[in-house]
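Down below is the structure, laid out as structure tokens.
The values are calculated or read from the model by the stated rules, or taken from the named source; none is laboratory data. What you see is a predicted model, and the numbers here were worked out from it, not measured in a lab. Note: ideal-geometry Cβ built from the backbone for every residue, glycine included; neighbour counts use all protein chains shown. Accessible surface areas use protein heavy atoms only, side chains included; no ligands, DNA or RNA. Shrake-Rupley method; radii C 1.70, N 1.55, O 1.52, S 1.80 Å.
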Amino acid sequence: MRLSLICVMLIFPVIIGWGQVSLDYYLPDQIEFDPLIPTPASIIGYEVGEWHVSHDKLVLYLKSLARVSNRITIEEYGKTYENRPLLLLTITSPQNQSNISQIMEDHHQLSDPAISSKLNTRNMPVVIWLGYSVHGNEPSGSNASLLVAYYLAAARGKEIEETLNNCVILLDPSINPDGLNRFASWVNSHKSQNLISDPNSREHKEAWPRGRTNHYWFDLNRDWPPLQHPESKARIEKFHIWKPNILTDHHEMGTNSTFFFQPGIPSRNHPLIPASTLALTQTIGTYHARALDQIGSLYYSKESFDDFYYGKGSTYPDINGSIGILFEQASSRGHSQESVHGTLSFPFTIRNHFTVSLSTIKAGKEQKEKLLKHQSDFYQSANTQAKQDPVKAYVFGSEKDLFRVYHFAEILHRHQIKIYDLKKSITINQKSYKSGAAYVVPLNQMQYKLIKDLFESRTQFQDSLFYDVSAWTLPLAFNLNHQGLNAKLFSKDLLGEPFSLDQKPIGKVVGGVSNYVYVFEWDGYYTPYILNKLLEQQLVVKVANEPFTDSQGRKFSNGSILVPVNNQKIDPDQMYNLLKQLVIKTGTNIYTLKTGQNQAGVDLGSPKFSSLKEPKICILVDEGISGYEVGEVWHLLDVRYDMKLSMIPQAVFNLIDLTKYNTIILVDGKYQGIDGMAKQKLQNWIKNGGTIIAVKKGAKWLANNGIGKTQFKTIERDSSQQRSYSDLQKHKGSQNIGGAIFEANLDLSHPLTYGYNKRNISLFRNHSLIMQTPKNPYAYPIVYTSNPLKAGYTSSQNLQNIANTPALTISAWGKGRIISFVDNPNFRAFWYGTNKLFMNSIFFGPIVDLESAK
């Protein structure tokens with residue numbers, strides 16, 4: 001009986017008062033600590049684990065620690081959207097601190113194949129990056145960082161001195177400060193003096209959209225390659241300055257789980273990850289196992305998670321000569337919660353993360369030589385493979401949209417990939433790449449493997465199950481022409497000046513002040529920004545529904561925007577000054593036209609020009625609706641296009657005046673709150689002229705409720721064949737589309753495709769919804785090809801189901817329009833190639849003529 005009680009106390013700490021445990025609960029035995037180093041409680045006012053630490057108190061303690069410890073330096077390496085600091089602590093011996101710049105420089109040479117084999121690594125410290133709580137509502141990591149920092153600053157003795165002499169520890173206490181603070185506010189404000197472990201209690205039922213994500217509700221643990229957010233851009237810069245040998249990524253998972261550490265499922269590792277990475281990960285895993293055994297924590301290590309998508313913090317290091325390690329702790333999702341293993345306390349979850357942080361450092365110290373050699377070997381191998389690769393470089397570009405090209409180049413540059421202006425124009429496979437509108441990426445460089453990863457279109461896989469997406473080919477995401485160049489096509493004569501971030505495209509007003517009209521084409525990525533600014537000024541603005549050639553022989557495609565000078569609310573000089581500001585920001589050329597008579601096509605006063613209205617947009621939000629997809633729309637409109645978006649909770653939908661809006665957006669979701677009177681209100685609003693833009697299950701919800709004419713197919717799965725129960729999860733997973741890239745064809749004459757210049761487009765899909773072909777042949781301007789898979793995994797049945805089906809439909813409903821996307825055009829903010837489809841729906845959806853098409 002007594003032994004059982006001891007075991008329970010070992011695994012689940014005795015909680016007193018408000019959930020308080022002593023510092024001794026966490027720290028290793030028989031370690032002496034410097035009394036001059038402040039404990040967390042002495043600064044933040046409570047013991048670690050008693051409350052969820054807010055980001056400001058986390059910062060307060062770590063800055064206090066750095067002021068008194070000669071082992072620690074602290075820097076702010078960036079800021080979040082909400083202006084919270086991103087901190088990085090460099091922790092090592094005082095001697096190393098005095099020589100830290102040289103240590104960094106020497107360490108960086110491990111990634112240079114020309115130097116690394118000559119380096120003496122015996123006295124070179126190993127570099128370990130500890131990264132905590134990229135998901136804000138997985139807070140045990142960030143709370144554990146308080147303890148890790150204290151331990152490394154205050155512990156005394158030969159062991160810690162040896163550790164600090166041989167290790168440079170980079171401690172990132174909160175990768176997602178905005179999400180961490182959002183979640184801490186929730187659970188702390190619902191905490192009782194008597195801890196409530198009932199999982200049904202409000203403390204454990206965090207409000208939508210929850211604290212997992214950053215300010216715009218993005219999962220930062222999917223943003224390592226795309227780099228669309230300030231947190232990721234700042235972190236990746238620091239990562240490449242140091243190129244750590246180990247990077248840990250501390251997470252939480254379901255309450256009824258235990259604890260996970262990698263290697264994970266070997267068959268799901270990305271093929272570009274070398275075998276030595278897995279071997280070292282397994283070796284390091286033995287240190288975690290021993291440490292967790294000592295404190296009585298259950299764990300597992302070869303199930304559930306994989307190392308395939310490089311968008312995660314535990315996998316990106318693997319393609320950069322490092323060892324990424326994922327930790328997943330069962331979550332208390334508050335201060336205490338019932339689980340199948342007993343009552344799970346917040347301090348218990350913190351202790352596990354603290355424990356594996358120390359075991360990581362120990363592994364790093366003891367495996368130092370192997371880790372340093374692994375990093376050197378990785379880049380030596382990459383250098384050899386680059387020389388053997390028949391592809392010597394990639395070229396990509398778009399003459400019509402320089403900013404889309406720039407943003408792709410920007411991503412590559414931030415990953416330390418060398419890219420160059422295309423010095424002379426070339427044509428390959430009937431695709432032209434123009435000097436000044438294209439870039440070249442040579443493969444014979446340090447980041448060879450990462451370049452291959454970002455450009456490859458893989459469709460063959462060892463396993464059919466994926467923890468996340470199976471494809472992320474960046475040129476396809478940007479809808480850019482791209483081509484691998486073999487030795488015959490590539491020469492150094494193609495390489496112009498190296499790319500730099502300050503070479504953003506700058507447009508101009510061609511022809512100076514106009515007293516008649518201005519015209520600009522719709523091809524550029526930021527043309528919606530211009531159009532919205534003009535409409536905000538209540539100017540008359542029109543879109544051309546047919547191409548024309550002006551009096552000077554310049555050709556303008558359909559979708560071109562016309563701005564008359566006369567009868568406007570601002571005078572000609574004010575208009576010119578406004579346009580000058582807009583072209584500088586957007587890289588768009590705006591042309592002065594002095595006559596309405598054109599050489600070819602319609603004249604400028606033709607009824608083929610449609611007047612446009614300023615969008616007044618709202619989006620429905622709350623439980624049952626994808627916070628990710630709402631955030632993607634919010635970010636797209638707010639950050640990129642400077643457009644206003646009202647976010648309307650379903651619960652108040654029936655109480656508001658819908659006439660304030662002319663556009664409503666429904667992203668992926670169930671919309672259970674819109675029923676009865678609310679549904680009728682929505683239908684009436686559409687019939688009176690509103691435009692509704694629906695995505696994925698948002699579109700299906702409309703179809704299921706008889707709103708609009710779009711219909712979805714019912715897909716029957718073959719269940720006639722008996723299968724082994726042991727194959728259940730594998731078979732079920734193989735039928736899912738976790739994330740792959742599919743090709744579709746565009747009707748380039750349709751208003752919803754204005755601004756596109758090539759017929760094919762790559763769409764991202766992570767679901768199995770299939771739309772039926774509408775009866776109206778003009779109502780589906782985008783259709784999947786007959787063999788649509790471009791990259792990633794999908795089953796043969798899914799591929800057959802998708803082929804030749806609509807990807808986008810539009811239907812009339814009274815005076816209004818219903819636009820249905822079967823796929824998300826704004827995926828994770830980096831699918832630049834389809835953002836224009838979404839913006840076209842906002843600006844041009846209302847002008848689509850479906851009555852004449854009957």
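Filter the stretch 55-71 for residues that are in contact with a helix residue (DSSP H, G or I) (Cβ under 8 Å, 6 or more places away or on another chain), open to solvent by less than 30 Å² (accessible area, probe 1.4 Å) and either closer than 20 Å to Ser189 by Cβ or assigned to a helix (DSSP H, G or I) (or both) and give the result.
His55, Leu58, Tyr61, Leu62, Ser64, Leu65
May I ask you to list the residues in the stretch 490-509 that are aromatic (Phe, Trp, Tyr) and within 31 Å of the chain's Cα centre (by Cα)?
Phe499
In the stretch 542-570, which residues are closer than 15 Å to Asn840 by Cβ and β-branched (Val, Ile, Thr)?
Scanning the stretch 542-570 gives Val543, Ile561.
Yes/no matrix, rows are residues, columns are (1) of a type in the set (Val, Ile, Thr); (2) at pLDDT below 95:
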| residue | (1), (2) |
| --- | --- |
| Arg333 | no, yes |
| His353 | no, no |
| Val405 | yes, no |
| Ile419 | yes, no |
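Sort out which residues of the stretch 655-681 are within 18 Å of Gly698 (Cα to Cα) and either outside any loop (DSSP other than H, G, I, E, B) or out of contact with any helix residue (DSSP H, G or I) (no Cβ under 9 Å at 6 or more places or on another chain) (or both), and write them in order of number.
Of everything in the stretch 655-681, those that are within 18 Å of Gly698 (Cα to Cα) and either outside any loop (DSSP other than H, G, I, E, B) or out of contact with any helix residue (DSSP H, G or I) (no Cβ under 9 Å at 6 or more places or on another chain) (or both) turn out to be Thr663, Ile664, Ile665, Leu666, Gly669, Asp675, Ala678, Lys679, Gln680, Lys681.
I'm checking my understanding of the structure. Among residues of the stretch 407-439 that are surrounded by 21 or more Cβ atoms within 10 Å (Cβ to Cβ) and among the aromatic types (Phe, Trp, Tyr), which one is farthest from Phe239 (Cα to Cα)?
The extreme case among them is Tyr433.
Check Phe218 against each of (1) more than 17 Å from the chain's Cα centre (by Cα); (2) outside any strand (DSSP E or B); (3) buried (at least 22 other Cβ atoms within 10 Å of the Cβ) and name the one condition it does not meet.
That leaves (1) as the condition not met.
Tell me the strands (runs of 3 or more DSSP E) entirely within the stretch 774-854 that contain at least 2 residues that are crowded, with 23+ Cβ neighbours inside 10 Å and among the β-branched types (Val, Ile, Thr).
In the stretch 774-854, 806-813, 816-821 are the strands (runs of 3 or more DSSP E) which contain 2 or more residues that are crowded, with 23+ Cβ neighbours inside 10 Å and among the β-branched types (Val, Ile, Thr).
Pull up the stretch 705-754, narrow it to residues that are of a type outside the set (S, T, N, Q) and touching a Pro at 6+ places or on another chain (Cβ under 8 Å), then point me to the one that is modelled with the lowest pLDDT.
From the stretch 705-754, those of a type outside the set (S, T, N, Q) are 706-709, 712-713, 715-718, 723, 725, 727-728, 730-733, 737-744, 746-748, 750-752, 754; that's our starting set.
Adding the requirement that they be touching a Pro at 6+ places or on another chain (Cβ under 8 Å) leaves 709, 742-744, 746-747, 750, 752.
Values: Lys709: 94, Phe742: 97, Glu743: 98, Ala744: 98, Leu746: 98, Asp747: 98, His750: 98, Leu752: 98.
The selected residue is Lys709.
Evaluate the following for Ile665: is it among the aliphatic types (A, V, I, L, M), under 30 Å from Tyr525 (Cβ atoms) and surrounded by fewer than 20 Cβ atoms within 10 Å (Cβ to Cβ)?
Criteria not met by Ile665.
Tell me, which strands (runs of 3 or more DSSP E) wholly within the stretch 388-437 include 3 or more residues that are under 19 Å from Ala487 (Cβ atoms)?
393-397, 426-428
Picking from Pro244, Pro274, which residue would you name as being crowded, with 20+ Cβ neighbours inside 10 Å and touching a residue at least 24 places away in the same chain (Cβ under 8 Å)?
Matching residue, one of Pro244, Pro274: Pro244.
Residues to consider are Glu206, Glu162; find the one that is assigned to a loop (DSSP other than H, G, I, E, B) and at negative phi.
On the way: Glu162 fails: assigned to a loop (DSSP other than H, G, I, E, B).
Selected residue: Glu206, the only one of Glu206, Glu162 that is assigned to a loop (DSSP other than H, G, I, E, B) and at negative phi.
So which residues in the stretch 521-540 are surrounded by fewer than 23 Cβ atoms within 10 Å (Cβ to Cβ), in contact with a Ser or Thr (Cβ under 8 Å, 6 or more places away or on another chain) and under 15 Å from Met575 (Cβ atoms)?
Hit for the stretch 521-540 is Val540, nothing else.
Restricting to the stretch 22-54, name every residue that is part of a loop (DSSP other than H, G, I, E, B), open to solvent by 30 Å² or more (accessible area, probe 1.4 Å), in contact (Cβ under 8 Å) with a residue 60 or more places away in the chain and within 22 Å of Ile295 (Cβ to Cβ).
Matches in the stretch 22-54: Pro28, Ile31, Glu32, Thr39.
For the stretch 348-359, state whether one or more residues are surrounded by 24 or more Cβ atoms within 10 Å (Cβ to Cβ) and under 29 Å from Lys449 (Cα atoms).
yes
So, restricting to strands (runs of 3 or more DSSP E) that lie completely within the stretch 467-520, which ones have at least 3 residues that are of a type in the set (S, T, N, Q), open to solvent by 70 Å² or more (accessible area, probe 1.4 Å) and at positive phi? Quick ask: steps written out before the conclusion?
Details: elements: 481-485, 495-498, 517-520.
Where strands (runs of 3 or more DSSP E) fall fully within the stretch 467-520, none carries at least 3 residues being of a type in the set (S, T, N, Q), open to solvent by 70 Å² or more (accessible area, probe 1.4 Å) and at positive phi.
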